[in-house]
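Quick note: the coordinates plus some simple rules give every number you see, no bench work behind them. Every value quoted in this text rests on a predicted model; they were computed, and no experiment measured them. So basically every Cβ, Gly included, is an ideal-geometry build from the backbone, and we count neighbours across all protein chains shown.
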Amino acid sequence: PAAEVILRATGLAVAYGAVEAVRNLDLEVAAGEIVVLLGANGAGKSSMLNAIVGLSPRVGGSITFEGHDITRKSTEMIVRSGISLVPEGRRLFSNMTVRENLRLGGAALGLAEFEREFERLHDLFPILRKRADSQAGLLSGGEQQQVAIARALVGRPRLLLLDEPSLGLAPIIVNRVFEIIEELRRRKVTILLVEQNAERALKIADRGYVMSNGVVEAAGRAADLQTSAIENAYLGTA
Ligand code: ATP
């Protein structure tokens, strides 16, 4: 029997004024899965992830998380309900320290609880111990990406949304990011991943959706998606 679906978007639409970024999109993520969202630049992937947490303008459809309708909830309520986003470009507060950045991710936690969660993340992200009091803006891109992921994890989300986590990173650091994603799966964090590196993402994902011009062009098991569908989506809209 398939695992329980925890995230379900039905007929989702996102528009920026007259620009329809996502149209009539259906997407499901089951507990424990890694699901990847692929597609060319501008296909609507970031708009889709942001819509889940209420950060892009949803103009139609609905989203449920663990059976609760979150379509019209505030971002804060959605995050508190157990979904975290690691945004594209990491968006750390560069003048704040690593610890302060994580504190913001765990703003709903009491201080003692925060310290416990911060400690708990040290084995996955040794950088947190080494650079806890460094200004986030002084870290390398790969280190910043790890801090951004850790910040999203500190509130113990059950669903993690990752927007292009490997973008702009050196190959060896990209490997590390993919290792972290696989380790998170072992730790029972469900993941919805947007990635430009389709080949790499499909190797670790269970299922995938290929978006093109705001709609899902292909969907299925990751192993079955390693075909022309993806090439079409990337090359067809170039
Ligand atoms: P990328 O990998 O480049 O981020 P994407 O697949 O994530 O691409 P989106 O960023 O979701 O795509 O963009 C989808 C469409 O919406 C594009 O046409 C884009 O120009 C448009 N768009 C995105 N954000 C905005 C915004 N804030 N205002 C207006 N249009 C936007």
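Under the rule of -39500 (n - 2.57) per DSSP H run of 4 or more residues, summed and divided by the residues of the chain, what mean residue ellipticity at 222 nm is obtained, to the nearest 500 deg cm²/dmol?
Rounded to the nearest 500, the figure is -10000 deg cm²/dmol.
Give, as a single signed number, the net charge of other residues whose beta carbon lies under 11 Å from the beta carbon of Gly39, with Lys and Arg counted +1 and Asp and Glu -1.
-1
For region 1-119, state the average projected area of the convex hull of the C-alpha atoms over all orientations, rounded to one decimal in nm².
9.4
Going through the DSSP H helices of the chain, which span 20 Å or more along their own axis at the Cα atoms while scoring at least 0.0 as a mean Kyte-Doolittle hydropathy?
Counting only whole DSSP H runs, the qualifying helices are 171-186.
How large, in Å, is the chain by the Kirkwood hydrodynamic radius built from its alpha-carbon pairs?
Kirkwood radius, the chain: 18.1 Å.
Got a sec? How would Lys203, Lys73 order by Cβ neighbour count within 10 Å, fewest to most?
The most exposed by this proxy come first: Lys203, Lys73.
Computed FRET efficiency, Cβ-Cβ of Glu199 and Ala31, R0 22 Å: what is it to the nearest 0.05?
0.25
Sort out for me the Cα centre separation of region 52-72 from region 102-177, rounded to whole Å.
26
So between Thr10 and Lys130, what do we pick up on full extension, going 0.36 nm a residue minus the alpha carbon distance?
38.9 nm is the gain from fully extending Thr10 to Lys130.
Give me, ordered by chain and number, the residues 5 or more places off Leu37 or on other chains with an amide H under 5 Å from its own placed amide H.
For Leu37, the qualifying residues are Leu193, Val194, Glu195, Tyr209.
For the chain, what is the percent of antiparallel DSSP beta bridges, rounded to the nearest 5?
55
With the Cα gyration tensor of region 59-193 giving a ≥ b ≥ c as the square roots of its eigenvalues, does the rule (a/c under 1.5 for rounded; else a/b larger than b/c for prolate; else oblate) give rounded, prolate or oblate?
Prolate, because a/c is 1.5 or more and a/b exceeds b/c.
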